[in-house]
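Only one structure is covered here, and it is reproduced in the block below.
The values are calculated or read from the model by the stated rules, or taken from the named source; none is laboratory data. Note that this is a predicted model, so its numbers are computed, not measured. Don't worry about glycine lacking a Cβ; one is built from the backbone with ideal geometry, like all the others, and counts go over all protein chains shown. With ligands, DNA and RNA removed, areas are computed over all heavy atoms of the protein, side chains included. Shrake-Rupley method; radii C 1.70, N 1.55, O 1.52, S 1.80 Å.
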Amino acid sequence: VDIFFIISGYLITSIILKELIYTGSFSYKLFYERRVRRLLPALFVVMLASLPFGWIYLLPESLLDFAKSLLATLGLSSNIYFHNSGLEYAVEGLEHPFLHTWSLSVEEQYYILFPIVLIITFKYFRNNLIHILILGLVISLGLAEWTSRNYPSISFYFIHTRIWELVAGSILAYFE
């Protein structure tokens with residue numbers, strides 16, 4: 001997942017910076033349309049294909065948890081849902097078929113926040129863009145380190161402790 005986040009940060013930053021540099025503007029509409037077309041069809045197929053199996057094989061309480069995880073996935077908040085469920089990823093992952101969507105939620109949350117931050121930074125602080133990216137990486141990495149010792153579930157599931165990985169990819173894209 002860590003490498004996936006770095007690659008995602010690289011790709012998203014590359015897309016945004018290229019559009020800003022070559023056209024002088026950025027279309028949120030086109031950006032989000034591309035993200036939706038890339039991610040949602042496969043997600044919907046997996047969700048729909050999983051429903052009959054959940055209905056057949058899960059006990060009522062587990063089926064309710066399964067349905068809640070599907071709704072959280074659709075709401076781009078499965079990372080929050082699974083954190084609040086108190087699940088330990090490695091131990092209970094097999095009992096929750098959509099537990100893996102926590103990382104997709106983190107990525108989608110990043111897709112919502114990062115373009116706004118990057119565009120504002122590019123527009124008003126372009127000469128300091130790399131410094132701001134590095135600062136974001138350092139702050140997030142510090143939060144990740146501290147929370148991993150004190151609040152491991154938060155460190156694992158939440159965006160503020162994963163941004164450093166995405167921004168690491170952004171820094172690579174900046175230098176490209």
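Numbers below:
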item: Charge dipole (the range 66-146, unit charges on Cβ, about Cα centre) - positive-most of VAL138, LEU99, HIS83; result: VAL138
item: Net lengthening on full extension, GLU145/ARG37 (0.36 nm per residue, minus Cα-Cα); result: 35.4 nm
item: Cα Rg, Dmax, the range 27-76, angstrom units; result: 14.0, 46
item: Per-residue HN-Hα couplings for the range 161-166 [Karplus 6.51, -1.76, 1.60; θ = phi - 60°; Hz; x = Gly/Pro]; result: 9, 10, 4, 4, 5, 5
item: Per-peptide average of other Cβ atoms within 10 Å, ordering 44-51, 152-159 highest first; result: 152-159, 44-51
item: Packing-based order for 141-148, 4-11, 109-116, using average beta carbon neighbours within 10 Å, highest first; result: 4-11, 109-116, 141-148
item: Hull shadow area, averaged, the range 41-122 [alpha-carbon convex hull, nm²]; result: 6.4
item: Nearest-ten-degree value, helix 129-150 long axis tilted from longest Cα axis of the chain; result: 30
item: Separation in nanometres of the label points that stand 7 Å from Cα toward Cβ, at SER62 and TYR28; result: 4.2
item: Sulfur and carbon atoms: percent of accessible area, the chain [1.4 Å]; result: 70
item: Accessible area of the chain divided out per residue, in Å², using a probe of 1.4 angstrom; result: 59
item: Whole-percent pair-distance distribution, where bins are 10 Å wide, for the alpha carbons of the chain; result: 9, 34, 31, 19, 6, 1
item: The range 128-171: mean projected area of Cα convex hull, nm²; result: 2.5
item: Hull shadow area, averaged, the range 93-154 [alpha-carbon convex hull, nm²]; result: 5.3
item: For GLU61, solvent-accessible area (1.4 Å; no DNA, RNA or ligand), Å²; result: 140
item: 222 nm mean residue ellipticity, helices alone, for the chain (DSSP H n ≥ 4; -39,500 (n - 2.57); rounded to 500); result: -27000 deg cm²/dmol
item: Nearby aspartates and glutamates by direct alpha-carbon distance to LYS18 (threshold 13 angstrom, same-chain neighbours under 8 apart not counted); result: GLU176
